[in-house]
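K.L.:
Just passing along the structure, written as structure tokens.
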Amino acid sequence: MEAELLGVPSTVLCTKPFVTQAHAMSRMRGDPAYGLAIVDHPIVTLTQEELLEHARTAALQAIQHLVAN
């Protein structure tokens, strides 16, 4: 979110349990519709292939957000 304040388009990556907190932070910063790339939790126990699949999912979400804004 700090990068966005500097004029650099960005997206926050978070896991599902932290979506509420991420939305609260975006509201506090004055942008309630701030884009999130959301993946399943946890990620620490994933295999490399599972992590790559999460990354693909997050990348698509991030691109959608960045292109829309």
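K.L.:
Find the accessible area per residue for the chain; the probe is 1.4 Å, ligands and nucleic acids are left out, and the unit is Å². Can you show the working numbers first?
P.N.:
Working: 4920 Å² over 69 residues.
Per residue, the chain has an accessible area of 71 Å².
K.L.:
Further, regarding this structure: So which trypsin sites (Lys or Arg not before Pro) in region 1-66 end up in coil per DSSP with only 15 or fewer other C-beta atoms within 10 Å? List each step's numbers first, then the result.
P.N.:
Numbers: sites: ARG27, ARG29, ARG56; in loops: ARG29.
Passing sites in region 1-66 are ARG29.
K.L.:
Between the helical axis of 19-28 and the dominant principal axis of the chain, each derived from Cα atoms, what acute angle in degrees is found, rounded to the nearest 10?
P.N.:
In the chain, helix 19-28 runs at an angle near 20 degrees to the longest axis.
K.L.:
Here is a follow-up. Just subtract the alpha-carbon distance of LEU66 and VAL19 from 0.36 nm times their residue separation and send over the number in nm, one decimal. Working shown, then result.
P.N.:
Numbers: separation 47, 0.36 × 47 = 16.92 nm, distance 1.83 nm.
This chain segment gains 15.1 nm when fully extended.
The values are calculated or read from the model by the stated rules, or taken from the named source; none is laboratory data. Given the structure is predicted, the values throughout are model-derived calculations rather than measurements. Glycine also receives a Cβ, built like all others from the backbone with ideal geometry; neighbour counts cover every protein chain displayed. The accessibility values were calculated without ligands, DNA or RNA, using every heavy atom of the protein model including side chains. Shrake-Rupley method; radii C 1.70, N 1.55, O 1.52, S 1.80 Å.
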